[in-house]
Amino acid sequence: MKTEVTRLLGIEYPIIQGGMAWVAEYHLAAGVSEAGGLGLIGAASAPADWVRDQVREAKKLTDKPFGVNIMLMSPYADEVAKVIVEEGVKVVTTGAGNPEKYMKMWKEVGVKVIPVVASVALAKRMERCGADAVVAEGCEAGGHIGENTTMVLVPQIVDAVHIPVIAAGGIADGRGAAAAFMLGAQGIQMGTHFVVTDESIVHDNYKERIIKAKDIDSRVTGRTTGHPVRALRNEMTKKYMELENNGASFEELEYLTLGGLRKAVVDGDVKNGSVMAGQIAGMVKERMSCKELIQKLVSETDALVKGAKVYE
Ligand code: TUI
């Protein structure tokens, strides 16, 4: 499974872990990198010093490459962008915005920059300003999403740019990975399945909610506010959508979700908190270590690409 992405990042398998807010901390990132993929620390809305500590802790657990994901709507994004350089982080991915203003600073010190994009236009713009690759994230993904599905987005971005494309959104096994490669991707990014791995520190209620999820359990809140977010349905999504349908104000809606992800991930309140997960949660039924998950993915994908029958 050597691709342009494994060569670019110096990793064994072209499998990247999503930079999920509250979930993607150093235990998970190091677990994924040790298993041969690329682990990420999700900076989300955390202060720069938290990110710095996380990077230092990850380095104690692994000598392999890992990265940091910067959520560009964070009030701390400017400071976190500098931490990347100061701490010698090898790879940065970005989400929920355009990272152009940091590009020069990162490229000067040789950081590999991989923006997560949800449109062809942003992918082309990122290539022009020096991105090393892009993650094309379809709206099957959990959390903050764009408009297009992975099936539609990936081949259009592959056609539009010359840099490697990593597919994300709706992938949790070898079938999904093989399909992404058929669409022209050189790598995949997965979030939801990594949430339920042994190395993931999220509350057990959160893991159980994903394991028990059915295909139709996913909801998107915030379409009216311009911040669509995918999560598993519960009291929070129900209340949110009722308010949204009744024309509630941005402030009222924000109040409902504020701190919602922390409530679910840390406190285990999966009724009133925000249980962000991708649509593929319905297919995630087994808990395992990062190593077992990556090995399973690699062997399934390998067999499928060679034409073997893997799934009954
Ligand atoms: O960023 C993500 N997923 C996220 S961020 C997040 S934290 C959050 N929580 C609540 C509300 C908002 C954020 C949870 N999940 N994925 C990458 C991604 N980026 N998906 C979509 C985009 C995106 C969307 C619009 C990137 C750029 C963009 O426009 C930028 C521009 O200026 O054109």
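The length gained on full extension between VAL305 and VAL152, counted as 0.36 nm times the residue separation minus their Cα-Cα distance, comes to 53.0 nm.
When the listed pairs LYS263/LYS296; LYS107/LYS291; LYS82/LYS107; LYS59/LYS101 are checked against a 20 Å cut-off, the alpha-carbon distance exceeds it for LYS263/LYS296; LYS107/LYS291; LYS59/LYS101. Sequence-ordered 3J(HN,Hα) estimates for segment 152-166 from the Karplus curve with 6.51, -1.76 and 1.60 and θ = phi - 60° stand at 8, 6, 4, x, 5, 6, 4, 6, 8, 10, 9, 7, x, 10, 10 Hz, glycine and proline given as x.
Sequentially through segment 114-125, phi angles give Karplus couplings (6.51, -1.76, 1.60; θ = phi - 60°) of 10, x, 8, 10, 10, 8, 5, 4, 5, 4, 5, 4 Hz, Gly and Pro residues having no value and appearing as x. Split the accessible area of the chain by element, probe 1.4 Å, and carbon with sulfur accounts for 52%.
Tell me the volume per residue, in Å³, of the convex hull enclosing the alpha carbons of segment 214-276. Can you show the working numbers first?
Details: hull volume 4.5 nm³, N = 63.
Convex hull of Cα atoms, per residue: 72 Å³.
Summary of packing: across the peptides 99-105, 277-283, the per-residue average of other C-beta atoms within 10 Å ranks them, highest first, as 277-283, 99-105. Restricting segment 264-297 to trypsin sites (Lys or Arg not before Pro) that sit in a DSSP loop and have at most 15 other Cβ atoms within 10 Å of their own Cβ leaves LYS271, LYS285. Couplings 3J(HN,Hα) for segment 56-69, derived from phi with the Karplus relation 6.51 cos²θ - 1.76 cosθ + 1.60 (θ = phi - 60°), are 5, 5, 4, 4, 6, 9, 8, 9, 7, x, 9, x, 10, 9 Hz, where x marks Gly and Pro.
Each of the peptides 190-196, 153-159, 211-217 was scored by the mean count of other Cβ atoms within 10 Å over its residues; in descending order, highest first, they stand as 190-196, 153-159, 211-217. Working ranking of peptides 23-30, 298-305 by packing, defined as the average number of other Cβ atoms within 10 Å per residue, highest first, is 23-30, 298-305. Of all DSSP beta bridges located in the chain, what percent are antiparallel, nearest 5? Restricted to the chain, the bridges split so that about 20 percent are antiparallel.
The values are calculated or read from the model by the stated rules, or taken from the named source; none is laboratory data. Predicted model only: the values in this text are computed from it and were never measured. For neighbour counting, all protein chains shown are included, and Cβ atoms are generated from backbone atoms with ideal geometry for every residue, glycine included. Surface accessibility is based on the protein's heavy atoms, side chains included, excluding ligands, DNA and RNA. Shrake-Rupley method; radii C 1.70, N 1.55, O 1.52, S 1.80 Å.
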